[in-house]
1. Given the structure, is residue 91 under 24 Å from residue 59 (Cβ atoms), in contact (Cβ under 8 Å) with a residue 60 or more places away in the chain and part of a helix (DSSP H, G or I)?
2. Of all residues in region 1-19, which are farther than 27 Å from residue 37 by Cβ and either out of contact with any helix residue (DSSP H, G or I) (no Cβ under 9 Å at 6 or more places or on another chain) or modelled with pLDDT of 85 or more (or both)?
3. Could you check region 104-124 and list, in sequence order, the residues that are surrounded by 19 or more Cβ atoms within 10 Å (Cβ to Cβ) and either in the same structural domain as residue 41 (by TED's automatic domain parsing) or under 17 Å from residue 44 (Cβ atoms) (or both)?
4. With respect to residue 134, is the statement that it is in contact with a helix residue (DSSP H, G or I) (Cβ under 7 Å, 6 or more places away or on another chain), surrounded by 12 or more Cβ atoms within 10 Å (Cβ to Cβ), under 27 Å from residue 68 (Cα atoms) and at pLDDT 95 or above true?
5. Of the conditions (1) buried (at least 19 other Cβ atoms within 10 Å of the Cβ); (2) within 17 Å of the chain's Cα centre (by Cα), residue 77 clears all except one; give me its number.
6. Taking residue 101 as the residue in question, decide whether it is more than 30 Å from residue 193 (Cα to Cα) and either out of contact with any helix residue (DSSP H, G or I) (no Cβ under 6 Å at 6 or more places or on another chain) or assigned by TED's automatic domain parsing to the domain that holds residue 14 (or both).
7. Looking only at region 86-98, decide whether some residue is within 17 Å of the chain's Cα centre (by Cα) and surrounded by fewer than 17 Cβ atoms within 10 Å (Cβ to Cβ).
């Protein structure tokens, strides 16, 4: 049996993962006049200050509305509570603003150990924000799971070298080794990985005893 490190931490994307999809991305891109094929945050960085501020105001308004109208995915509270009892650290990494994320947490009465937003570093699909979360957790990358729902999440996980778990099915995304369709499945996945790790440790101890004997 291959050694499977026990899960030390879980990182969640926010929009579309912890919360139900809300953003009307085509309308947002149209209102902000974002060129086809360009990322919103990436494009904003190329604009001169006055124009960037103008378009950022549109983005902030959308984020504010999305946060106020957000709905948690079924089972999110149970998972956060259960993993906290198990001593597994939890983080949210989002391309949203800190204000937007704090609004969602406050509205729904949830809390995680670490919050990392676009204000902390280069946004996804770069892996920087994920690595910041891992560093703050004090975990190794091979002991962390990242749960997300978009191609940006897939690429960020690849860039950071973190195991990715796709939430829900998305035909536009490449095939992922691990996919869940509910948060109860996430608990099952973590439980399975923990048991595999414990079995591996037990077998290793038994082997060492036989050698020393």
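The values are calculated or read from the model by the stated rules, or taken from the named source; none is laboratory data. Note that the structure is predicted; figures quoted are calculated from it, not measured. Here the Cβ positions follow ideal geometry from the backbone for every residue, glycine too, while neighbour counts run over all protein chains shown.
1. Details: under 24 Å from residue 59 (Cβ atoms): yes; in contact (Cβ under 8 Å) with a residue 60 or more places away in the chain: yes; part of a helix (DSSP H, G or I): no.
No; evaluated as a whole, the condition is false for this residue.
2. Within region 1-19, the first condition is being farther than 27 Å from residue 37 by Cβ, and the residues that meet it are 1-12, 18.
Once the filter is applied, which keeps residues that are farther than 27 Å from residue 37 by Cβ and either out of contact with any helix residue (DSSP H, G or I) (no Cβ under 9 Å at 6 or more places or on another chain) or modelled with pLDDT of 85 or more (or both), region 1-19 yields 6, 7, 8, 9, 10, 11, 12, 18.
3. Once the filter is applied, which keeps residues that are surrounded by 19 or more Cβ atoms within 10 Å (Cβ to Cβ) and either in the same structural domain as residue 41 (by TED's automatic domain parsing) or under 17 Å from residue 44 (Cβ atoms) (or both), region 104-124 yields 117, 123, 124.
4. Working: in contact with a helix residue (DSSP H, G or I) (Cβ under 7 Å, 6 or more places away or on another chain): yes; surrounded by 12 or more Cβ atoms within 10 Å (Cβ to Cβ): yes; under 27 Å from residue 68 (Cα atoms): no; at pLDDT 95 or above: yes.
No: the conditions fail for residue 134.
5. (1)
6. Values: more than 30 Å from residue 193 (Cα to Cα): no; either out of contact with any helix residue (DSSP H, G or I) (no Cβ under 6 Å at 6 or more places or on another chain) or assigned by TED's automatic domain parsing to the domain that holds residue 14 (or both): yes.
Considered against the rule, which asks whether it is more than 30 Å from residue 193 (Cα to Cα) and either out of contact with any helix residue (DSSP H, G or I) (no Cβ under 6 Å at 6 or more places or on another chain) or assigned by TED's automatic domain parsing to the domain that holds residue 14 (or both), residue 101 comes out as no.
7. Looking only at region 86-98, we keep the residues that are within 17 Å of the chain's Cα centre (by Cα), and these are 88-98.
In the following step, the residues that additionally are surrounded by fewer than 17 Cβ atoms within 10 Å (Cβ to Cβ) were identified as 98.
Looking through region 86-98, at least one residue is within 17 Å of the chain's Cα centre (by Cα) and surrounded by fewer than 17 Cβ atoms within 10 Å (Cβ to Cβ).
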